[in-house]
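Read the structure below first, then the notes.
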Amino acid sequence: MVNLPGHKFALVNVAGPRPDSRPTELLLKEHEPWESLEVIKILPESGAAELRHAGTNLVVTLPGAETNSPAPALWLVGAGTTSVLATYGELAGRSLLRSPLLPDKTLTLRSTSGDKAEVAKLLSAALATKDIAVIPDGEKFAFVVPKQTTTFWQTRIAESTPPAPSAADPAIVLASNVVYIGADLMTLAATYAELSGRSINPANWSRDVPNPSFFFKNQTPLSKPEMRYAFERLFELCGLKMVPDGEKFLKPVRFVPKPASSK
């Protein structure tokens, strides 16, 4: 859970529909519902949260909560990669451009710092110990990639910076209005095509195009060029690129990014 000024939420894992399904990792504020689940109250002083699930109220307590004091600002126990990254993005105020190749790790961390920037740095450092690198990209974005690919992506970032704010391109998407949790390629491709004034026709897509899962949340308001930039980087991280398909459509093709210096 997180208990910082303006940032009070619980990290919740929701079991999948099948025994072999991976749980959905969520950050939920008090009285924020998700399907049949709602966080009623977050109790940081006791390391607990009161939930309502399918009409039944229950209290969930973190392991070892009764032995910890004072109430921490950040308390993670076995939190998964998705939850940790969502927490980092929230506190750093950056929209994360996440690689699909991240290792599936868990993290246990506790901090009493009341400074959200300091806690965000702590999370970034903790992720690095799990071979996950967070690389700032401009003022609004951050790449999240396997640690061994840090140098490669740092070079790519330097070569393709985000669009600068412009009065001609005001923000069209309010903060937190675009949220993808394991979205498929067709979902992102359709939105990107719409932003580009085109459509998609999946019947024309190559069968060898991969279909990765995408995770994204815009932590700040974004303009149309910024949204397109974010989507292009998400595709690139998956080895994909959207290209014209006739006069009206766009389609994904395989793409192997290379820094200009290596060409």
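All of the numbers you see were taken from the coordinates with simple rules; none came from a lab. All figures in this text were calculated on a predicted structure; none of them were measured in a lab. Cβ: placed from backbone, ideal geometry, glycine included. Neighbour counts: every protein chain shown.
Worth pointing out:
- Top of P210, P100, P70 by mean-square fluctuation, Gaussian network on the chain, Cα under 10 Å: P70
- Cβ-to-Cβ counts within 10 Å put W34, W153 in ascending order as W34, W153, the fewest first.
- Shape class of the stretch 26-121 from the Cα gyration tensor (axes a ≥ b ≥ c, square roots of the eigenvalues): oblate, since a/c reaches 1.5 or more and a/b does not exceed b/c.
- Reachable aspartates and glutamates, given that their alpha-carbon falls under 17 Å from the alpha-carbon of K241 and they are not under 8 places away in the same chain: E159, D184, E194, D208, E226, E232
- Integer Hz, Karplus 6.51/-1.76/1.60 couplings in order for the stretch 45-57, x for Gly and Pro: 5, 10, x, 9, 9, 8, 10, 10, 10, 6, x, 10, 8
- As a proxy for reagent exposure, D115, D137 were ordered by neighbouring Cβ count within 10 angstrom, fewest first; the result is D115, D137.
- Exceeding the 21 Å Cα-Cα cut-off - candidates K8/K105; K224/K251; K121/K217; K8/K121; K105/K258: K8/K105; K105/K258
- Remark: R207, R18 ranked as R207, R18, counting other beta-carbon atoms within 10 Å and listing the fewest first.
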